[in-house]
Amino acid sequence: MRSVRNRLTWMFLLVIATSVLGTGIFVALLLKASYLDSLTDRLGKEGRLLVDTLNWEEALEKPALFQQQAIKFSRSLDARVTLIDHDGEVLGDSSKPPRELGNLKHHRPVARALQAESKGNYDSVTTHDKLYVFIPVVKGRGGDTQVLGAVRLALELETIDKSLSQVLVSLTLGLLFSFVFGAFMSSRIALHITRPIEEITQVAVDIARNKLHRRVPVKQRDEIGRLATAINRMAAGLRYQLETIRKNERRLTSVIETMESGLLLVDSEEKITLANQAIHRFFKLKGPLLNKSLSDRAVFHDLYRLYRKCLQTGEQVKEELHLYYPEERMMEANLTPIHGERGGMGVVVVLHDITAIRRLEKMRTEFVANVSHELKTPVTSLRGFAETLLEGNVDDPEMRREFLGIIQAESLRLERLIGDLLDLSRIESRKMSLDLERIGVRDLIQTVSKTVEDGMKKHELTFQIEVEENFQVQVDKDRFSQILINLLSNSMAYTPRGGEVIVSAGKEKDHWWIRVADTGIGIPEEDVSRIFERFYRVDKARSRESGGTGLGLAIVKHLVEAHEGKIHVDSQVGEGTAITLSFPR
């Protein structure tokens with residue numbers, strides 16, 4: 001496709017060529033006509049001069065003089081001279097003998113010349129190769145005139161053409177130079193006109209390629225300048241609009257990708273057009289989902305069923321899904337139909353992970369059941385022994401003392417259970433505040449060891465404290481003592497007689513730690529992750545025999561987290577357990 005510049009250049013060249021050619025032809029014709037008129041006028045004047053010079057009456061007396069005069073005047077005028085009498089007979093001719101020409105009266109120009117009534121008039125005739133001028137020879141003046149004959153002057157047009165050719169060569173060279181100069185100027189003019197258009201076109205192409213920083217230089221305030229200004233304003237507006245769209249798109253993408261809920265957008269052809277990271281996390285998916293069919297993935301089987309139901313009914317569908325793969329989850333699925341998705345109806349799928357909620361509900365149910373069970377046992381014992389004593393069926397003082405001891409023990413167990421429940425409730429509700437103070441680790445452990453020392457001796461356990469340096473830590477002394485007492489109580493409960501319990505502590509560059517290790521029965525691997533749940537017991541019989549409430553490790557977990565610490569459990573069945581608490585320094 002030819003450019004505008006080439007088309008303008010060729011248009012200018014065509015106009016210039018047409019103008020030059022037309023001007024050349026017109027000037028050539030004008031020059032020829034002017035030259036002929038000038039030559040005719042010269043021949044007419046020379047012919048009149050010849051008529052005035054020639055003594056026609058004297059020559060009539062000597063006819064031979066006409067031939068001599070014709071040749072003489074022909075040499076002087078550089079033209080053919082023919083002398084004709086009033087009857088049309090040729091008296092003399094500079095080119096041919098007179099008798100060869102015959103009578104010329106039947107020639108119209110000759111006839112008009114012989115009929116002239118005054119001097120000075122002449123007539124001219126131009127043929128394809130000659131120019132003739134006829135001058136009458138008139139005697140007398142006024143109304144008394146007599147035509148004696150006529151003089152014919154002839155000039156070959158070949159001579160005229162030679163003269164004109166020289167002029168035409170000069171004219172052609174001038175016109176050719178004008179054409180070349182016009183072509184150069186037309187090219188420059190076309191370049192001057194089209195260069196801003198080319199710049200505007202290139203900027204428009206760059207804008208279409210998202211190079212919105214490009215601008216057209218505005219050099220003039222004409223139509224092209226106003227067009228460039230409009231392009232620049234359009235580019236600035238597009239840049240602002242695209243930046244706004246991209247900013248909103250980034251915000252929307254950030255919101256979608258950081259949602260805890262899964263989001264899927266499925267079109268009418270079952271193709272997934274949007275899927276956030278939560279979907280990949282829920283279903284452990286790798287690779288892109290976009291433009292993939294919803295029915296291609298087996299993990300979406302239940303979702304596909306709800307999707308078909310939503311499309312068929314055209315109404316919102318809400319249902320709870322129980323997923324078992326890749327891990328057990330409880331999901332709340334909300335499917336809403338949307339119109340205009342690729343010319344049909346699409347579906348927006350929102351998945352809420354309610355596993356934790358259902359687990360908490362289950363834990364609450366289990367907690368109520370466990371609390372009821374834990375309370376029921378001592379209350380039943382208290383009621384049974386109290387009723388026995390009130391009925392007076394026990395006369396033996398030793399038996400009464402034994403019953404009263406059991407009532408006291410169950411009361412203390414009930415008191416500990418209620419106390420632990422209150423502590424746990426207070427800790428979990430975050431209403432408990434820590435009274436932090438700096439204290440030496442060895443001093444803290446030794447204070448606690450005095451509390452459990454009698455229990456260790458009673459269970460015939462070896463109790464050791466391994467602390468190389470009494471470094472300072474910042475803790476709530478009472479709450480931390482509660483942590484250690486609960487851990488040591490567990491070790492005593494699950495370590496057979498003759499076993500060993502060791503408490504050690506140390507510090508690293510960015511944290512310090514304290515460890516309670518024993519040589520007890522250990523914890524099965526499948527139970528390690530659950531020992532910090534409320535009322536969870538690995539060995540329920542041994543726990544109840546020790547008087548435990550099943551809430552000690554749950555309290556430990558919350559108190560450690562309140563101190564911004566972490567818990568790590570190492571245990572092997574039959575070899576013992578080591579619980580390590582680490583805290584930032």
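The values are calculated or read from the model by the stated rules, or taken from the named source; none is laboratory data. It should be emphasised that the depicted structure is a prediction, and the values quoted were computed from it without experimental measurement. In this analysis, Cβ positions are derived from the backbone assuming ideal geometry, glycine residues included, and neighbour counts consider all displayed protein chains.
Remarks
- Among the residues listed as Ser124, Ser118, Ser95, the single one being modelled with pLDDT of 75 or more and assigned to a loop (DSSP other than H, G, I, E, B): Ser95
- Test for Thr53: is it in contact (Cβ under 8 Å) with a residue 40 or more places away in the chain and assigned by TED's automatic domain parsing to the domain that holds Leu148: no
- When Leu252 is tested against the conditions (1) surrounded by 12 or more Cβ atoms within 10 Å (Cβ to Cβ); (2) closer than 30 Å to Glu327 by Cα; (3) outside the structural domain of Glu328 (by TED's automatic domain parsing), the lone failure is (1).
- Taking first residues from segment 192-206 that are within 23 Å of Arg239 (Cβ to Cβ) and partners that are surrounded by fewer than 18 Cβ atoms within 10 Å (Cβ to Cβ) and of a type in the set (A, V, I, L, M), the Cβ contacts under 7 Å between residues at least 6 apart in sequence or on separate chains come to Ile197/Val4; Ile200/Leu227.
- Long-range neighbours under 9 Å by Cβ, at least six apart or interchain, first residue assigned to a strand (DSSP E or B) within segment 480-504, second modelled with pLDDT of 85 or more and of a type in the set (Asp, Glu): Glu500/Asp518; Val501/Asp518; Ile502/Glu466; Ile502/Asp518; Val503/Glu466; Ser504/Glu466
- In a residue-by-residue description of segment 192-215, the property of being within 19 Å of Val15 (Cα to Cα) and of a type outside the set (S, T, N, Q) applies to at least one position.
- Val266 of a type in the set (Val, Ile, Thr), touching a Gly at 6+ places or on another chain (Cβ under 8 Å), at pLDDT below 85 and surrounded by 15 or more Cβ atoms within 10 Å (Cβ to Cβ): no
- Some residue of segment 453-473 being crowded, with 16+ Cβ neighbours inside 10 Å and hydroxyl-bearing (Ser, Thr, Tyr): no
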